[in-house]
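Comments concern the structure below.
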Amino acid sequence: MPCEAGIALVVAIYSAWKRQSAVAGLVILGDLSIQGNIKAMRSLAEPLQVAMDNGARKALIPLENKRNFLEVSGDIVERVDPVFFSDPMTAAMKALG
């Protein structure tokens, strides 16, 4: 079972370095390649559904998945605000608010 948590790890390290917590109710999606490039998610619907069921109100989503956001159900779109990012540092800064 692959773990696509590369961006979450970057955000966690940046959060610790800045001594600042990430925004409450945030889910972080996306992974990094070995070269440090953003890898798109295979699917958005399932991770966003699980996140919503567990109280997420915002989702950091790789920009490459913007087109896939149209496939997400209306219920999720109403409850979870998407925040798109194109590089790891942008994701980290957006995660901290």
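The values are calculated or read from the model by the stated rules, or taken from the named source; none is laboratory data. Model, not experiment: these values are computed from the prediction. Counting neighbours? That spans all protein chains shown, and the Cβs are built from the backbone with ideal geometry, glycine included.
A few remarks follow.
- The condition of being surrounded by 14 or more Cβ atoms within 10 Å (Cβ to Cβ), in contact with a Gly (Cβ under 6 Å, 6 or more places away or on another chain) and not charged (D, E, K, R) holds for ALA56.
- Within segment 9-29, restricting attention to residues that are surrounded by fewer than 19 Cβ atoms within 10 Å (Cβ to Cβ) and not in a loop (DSSP other than H, G, I, E, B), the residue that is modelled with the lowest pLDDT is LEU9.
- Residues that are in contact with a Ser or Thr (Cβ under 9 Å, 6 or more places away or on another chain) and of a type outside the set (Ser, Thr, Tyr) were ranked within segment 1-57; the one that is nearest to ALA92 (Cα to Cα) is ALA22.
- Test result for GLU71, farther than 20 Å from ALA91 by Cβ and modelled with pLDDT under 90: yes
- Residue list for segment 50-89, filter: under 19 Å from ILE7 (Cα atoms), among the polar types (S, T, N, Q) and either in a loop (DSSP other than H, G, I, E, B) or more than 12 Å from the chain's Cα centre (by Cα) (or both): ASN68, SER86
- For ARG42: the one exception among (1) buried (at least 16 other Cβ atoms within 10 Å of the Cβ); (2) outside any strand (DSSP E or B); (3) under 14 Å from the mean Cα position of the chain (by Cα): (1)
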